[in-house]
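Remarks on the structure that follows.
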Amino acid sequence: MNVVGLVSREKTVIRKLSIATGRQGLHEITPAVESVVRQEGVREGLCTIFVQHTSASLLVQENADPAVCYDLEQWLNRLVPEDVGLYTHGSEGPEDMPAHIKSTLTANSVCVPIIDGSLGLGKWQGIFLWEHRNHRDSRQIIVHIQA
Amino acid sequence: MNVVGLVSREKTVIRKLSIATGRQGLHEITPAVESVVRQEGVREGLCTIFVQHTSASLLVQENADPAVCYDLEQWLNRLVPEDVGLYTHGSEGPEDMPAHIKSTLTANSVCVPIIDGSLGLGKWQGIFLWEHRNHRDSRQIIVHIQA
Amino acid sequence: MNVVGLVSREKTVIRKLSIATGRQGLHEITPAVESVVRQEGVREGLCTIFVQHTSASLLVQENADPAVCYDLEQWLNRLVPEDVGLYTHGSEGPEDMPAHIKSTLTANSVCVPIIDGSLGLGKWQGIFLWEHRNHRDSRQIIVHIQA
């Protein structure tokens, strides 16, 4: 147990980012978020990422072996099938209600401490935007930093 | 990518709210939370909502078509059935252990950035308290704002 | 609805803790986190706990009846079986891909308001590190406090 930092507080940063998705799947956004932290020169603080949609979600997950993301998608697609007989909400297409369920089971926001000027992620961790629909051009996320 | 705000920090607000639930299901609390933000006159910051229970949970989800909430409940009830044969914890009734599992799969706290004096929710997003039990009068949540 | 606190802000605390796990299951970390809050003398603020791994996760859950944790584990093990035929990612052992899925369904970070010098948990709530693998000595978590 060691103290990493005890610092005075300086500022709040709020940035809106538009993330191109295009297809269902996990899209890594670590570089985009890390870029905000570095541009703002934040040394210690808390970074909160929030997605302004309910048919896409956020996830901190392994970014080393792409098979992990592949298996995650396959598993979640089996758990939450695109079966119109299961749902009453169908006006936005057969993939929309499964997308809402998938976003419910994952995260709408994630919080990552900032340490020594970088996101305090573990060695194998990345931040992902999980697009649960096809044919969406982009998604809006908010990066909020309190330093 | 545009900068929305870079502001000095002003205060911490902590409010306890009692939310009437009564029956299993999704209860929208967006107006109650937004009301705290407006009353405090917070322009930029982070709003964290925390539920002090483990058989109820929080969710940011679509608040446009009520069929989405209906389908979510039905789907989760199928995934986590009230089947006493599946669980050893039964002292608080047959719906209690399923309620703990449901709260595990959803969120105990949600974080929403505050932008321009309002919650930075997407167009179709609302904040919900998900009551997983019947016959509960109310639930306690904490609204924490750092501005 | 009552105001608990409206206080000026003082500091940011970041602590890395190493949590011994050893075996799959829920390990309560409430005393370790509470200890940081008390040592730092924080009266009001927000405590964020972040786990730097993707085969372990965090959970706020009932800490009164141990049967709740037992049933949670059993249920999740049934939902996400160790069946190598289901996954392509197998290089780190048969329990690794299920562990990634389990961490996806639970939380990578949890936020708990600090009120009157203590974590604002409900009467029956505890914070748990959920180890999804066997044979891991310990896991690293970050406790971040903004006060």
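The values are calculated or read from the model by the stated rules, or taken from the named source; none is laboratory data. Worth saying up front: this structure is predicted, and the values here are computed from it rather than measured. Don't worry about glycine lacking a Cβ; one is built from the backbone with ideal geometry, like all the others, and counts go over all protein chains shown.
Things to note:
- B:Pro31 vs. criteria away from chain C (no Cβ under 11 Å) and over 23 Å from C:Val60 (Cβ atoms): yes
- Those residues of segment C:116-147 which are modelled with pLDDT of 95 or more and among the basic types (Lys, Arg), in sequence order: C:Lys123, C:Arg133, C:Arg139
- Selection of segment C:26-51 for residues being of a type in the set (S, T, N, Q) and not in a helix (DSSP H, G or I) yields only C:Thr48.
- Index of the failed condition, C:Ile127 passing every other in (1) among the β-branched types (Val, Ile, Thr); (2) in contact with a Ser or Thr (Cβ under 7 Å, 6 or more places away or on another chain); (3) away from chain B (no Cβ under 14 Å): (3)
- Within segment C:88-108, considering residues that are polar (S, T, N, Q) and free of Cβ contacts under 8 Å to residues at least 12 places away in the same chain, the one nearest to A:Leu59 (Cα to Cα): C:Thr104
- Only one of the listed residues (B:Thr104, B:Thr12) is touching a Lys or Arg at 6+ places or on another chain (Cβ under 7 Å) and among the polar types (S, T, N, Q). That residue is B:Thr12.
Condition check ((1) modelled with pLDDT under 95; (2) at negative phi; (3) β-branched (Val, Ile, Thr)) across all residues:
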{"site": "A:Val13", "(1), (2), (3)": "no, yes, yes"}
{"site": "A:Ser18", "(1), (2), (3)": "no, yes, no"}
{"site": "A:Gly25", "(1), (2), (3)": "no, no, no"}
{"site": "A:Arg38", "(1), (2), (3)": "no, yes, no"}
{"site": "A:Val51", "(1), (2), (3)": "no, yes, yes"}
{"site": "A:Glu62", "(1), (2), (3)": "no, yes, no"}
{"site": "A:Leu72", "(1), (2), (3)": "no, yes, no"}
{"site": "A:Trp75", "(1), (2), (3)": "no, yes, no"}
{"site": "A:Glu82", "(1), (2), (3)": "yes, yes, no"}
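- With respect to the conditions (1) of a type in the set (Gly, Ala, Ser); (2) more than 22 Å from A:Arg139 (Cβ to Cβ); (3) part of a strand (DSSP E or B), A:Ala64 falls short on a single one, namely (3).
- In summary, strands (runs of 3 or more DSSP E) completely within segment C:89-147 and bearing 1 or more residues that are more than 26 Å from A:Ser109 (Cβ to Cβ) occur at C:138-146.
- Residue check, B:Thr54 of a type in the set (Ser, Thr, Tyr), farther than 21 Å from C:Cys47 by Cβ and part of a loop (DSSP other than H, G, I, E, B): no
- In segment B:1-11, residue modelled with the highest pLDDT [restricted to those that are part of a loop (DSSP other than H, G, I, E, B) and not polar (S, T, N, Q)]: B:Lys11
- When each of A:His144, A:His100 is tested for being of a type outside the set (Gly, Ala, Ser), more than 11 Å from chain C (Cβ to nearest Cβ) and more than 22 Å from A:Val36 (Cβ to Cβ), the lone residue that passes is A:His100.
- Residues satisfying the stated conditions in segment B:104-122, i.e. more than 28 Å from C:Trp75 (Cβ to Cβ), facing chain A (nearest Cβ under 8 Å) and either aliphatic (A, V, I, L, M) or out of contact with any Ser or Thr (no Cβ under 8 Å at 6 or more places or on another chain) (or both): B:Val112, B:Ile115, B:Gly120, B:Leu121
- Boolean, C:Ser109 is surrounded by 23 or more Cβ atoms within 10 Å (Cβ to Cβ) and of a type in the set (Ser, Thr, Tyr): yes
- Whichever residue in segment A:43-78 is without any contact (Cβ under 8 Å) to a residue 12 or more places away in the chain and within 14 Å of chain B (Cβ to nearest Cβ) and, among such residues, is surrounded by the fewest Cβ atoms within 10 Å (Cβ to Cβ): A:Arg78
- Restricting segment A:79-97 to residues that are β-branched (Val, Ile, Thr) and more than 23 Å from A:Arg139 (Cα to Cα), the residue that is nearest to the other protein chains (Cβ to nearest Cβ) is A:Thr88.
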